[in-house]
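Below is one structure, written out as structure tokens, with a few remarks after it.
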Amino acid sequence: MLETAQDTDNDKAPPPESDRRNAPPLLTVRNVDFWYGEKQALFDVNLDVYPGEVVCLMGPSGCGKTTLLRLLNRMQDDVPGARMTGEIVFDGQDINDPKLDVVMLRRRFGWVAQKPNPFPKSVRENIAYGPRIHSIVDEGPDMDLHVEDCLRRAQAWDELKDRLGDNAIDLSGGQQQRLCIARALSIRPDMLLMDEPCASIDPIATTAIEELILELKEHVPVVIITHSMAQARRLADRVAFFHLGRLLESGPADRFFNHPKTLQTRRYLMGAFG
């Protein structure tokens, strides 16, 4: 489950054993502030992500959701003038520890972008590239089995098994996005980060990806940005609501949608802004 410093003491019950197996958080964000140069984008953000859950980050455009998502695997490192204070701990380790191998950290996060972004290479190579350069799977029969397994997990094997040599750019949008999910899974990540993965695909492909996310969460927790309240209702175990760079509230999805705590949340859910 997910908790923040903004929650009241009554909300801080331990996660139900049937849902979270009483596991400790895999990722903890504490008192994080972030700046792009002189502009502060995040203010005192506190967030926990537990195994076996989907956490939906919601809020109007420009509220800090993507900034936070990119901080989790240090994708903001090369942004000129970027600066963070606070602490992000992943699997017991401070991700900003100078001794940490950033390449190995990023390998532990699967990333799926808003628009499908396959490599302009074959379907097979899109999946095999990461495991090969990270020495996760040897080339040859083992890699063939790994490619098949990743495509099956992404619900794309039946459609793409006869197109492994085709250029991924020639696939449909929905096929490309499922291939990108298979590519993210190919490095055996410990967490999936998804930035509006259904924003640019059709409803049928969206349904397939939502079903996939619900299957994957049992093995890999998912942090996903979505502007769709309907999608968040279908997917989220927990919701974190951002407004003007602040995490205003977070908690179980049913509580968030049925009993929002703040005026801004209620106005957002009513469509007053966003």
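The values are calculated or read from the model by the stated rules, or taken from the named source; none is laboratory data. None of the values given here were measured: they were computed from a predicted structure. Positions of Cβ are generated from backbone atoms using ideal geometry, with glycine treated the same way; all protein chains shown enter the neighbour counts. All accessible areas refer to the heavy atoms of the entire protein, side chains included, with ligands and DNA or RNA removed. Shrake-Rupley method; radii C 1.70, N 1.55, O 1.52, S 1.80 Å.
Note on the chain: Lys pairs 8 or more places apart or on different chains, Cα atoms under 25 Å apart, count 11.
The PHE43 and GLN114 beta-carbon pair, evaluated with R₀ = 25 Å, returns a calculated FRET efficiency of approximately 0.55. Quick one: with all protein chains in place, what share of the accessible area of the chain is carbon or sulfur, to the nearest percent (1.4 Å probe)? Answer for the chain: carbon and sulfur cover 49 percent of the accessible area. Please label the shape of the stretch 139-190 as rounded, prolate or oblate, based on the square roots a ≥ b ≥ c of the eigenvalues of the alpha-carbon gyration tensor (a/c under 1.5 means rounded; beyond that, a/b larger than b/c means prolate, else oblate). Note, shape of the stretch 139-190 comes out oblate. Projecting the alpha carbon convex hull of the stretch 159-260 along each direction and taking the average yields 7.8 nm².
Let me check I've understood the local charge: for LEU244, count other residues with C-beta under 15 angstrom from its C-beta, Lys and Arg +1, Asp and Glu -1. What total comes out? Mind dumping the intermediate values first?
Numbers: positive: LYS39, LYS65, ARG246, ARG267; negative: ASP33, ASP44, GLU249.
For residues surrounding LEU244, the net value is +1.
Over the Cα atoms of the chain, the radius of gyration divided by the Kirkwood radius equals 0.97; this is the Rg/Rh ratio. Between ARG266 and ASN167, the contour length at 0.36 nm per residue exceeds the Cα-Cα span by 31.0 nm. Taking the centroid of alpha carbons for each part, the stretch 54-78 and the stretch 97-127 are 16 Å apart.
Between ASP142 and ARG255, the contour length at 0.36 nm per residue exceeds the Cα-Cα span by 36.1 nm.
Taking label positions 7 Å along the Cα-Cβ direction at both ILE133 and ALA23, the computed distance is 2.8 nm, reported to one decimal. When only alpha carbons are used to place a centre, the stretch 214-268 and the stretch 158-175 end up 33 Å from one another.
Among TRP111, TRP157, what's the order by accessible area (1.4 angstrom probe), most exposed first?
On the way: TRP111 60, TRP157 40 Å².
Ranked list, largest accessible area first: TRP111, TRP157.
Along the chain, counting only GluC sites (Glu not before Pro) with a DSSP assignment other than H, G, I, E or B and at most 14 other Cβ atoms inside a 10 Å radius, the longest segment between sites is 39-138. Estimated purely from DSSP H runs of n ≥ 4, each contributing -39500 (n - 2.57), the mean residue ellipticity at 222 nm for the chain is -9500 deg cm²/dmol once divided by its residues.
Highest GNM mean-square fluctuation among LYS65, LYS217, LYS261, for the chain modelled with Cα contacts below 10 Å: LYS261. Ligands, DNA and RNA are left out, and with a 1.4 angstrom probe the accessible area of the chain is 46 Å² per residue. Size estimate for the stretch 44-201 follows the Kirkwood approach: the inverse of mean 1/r over distinct Cα pairs works out to 17.0 Å.
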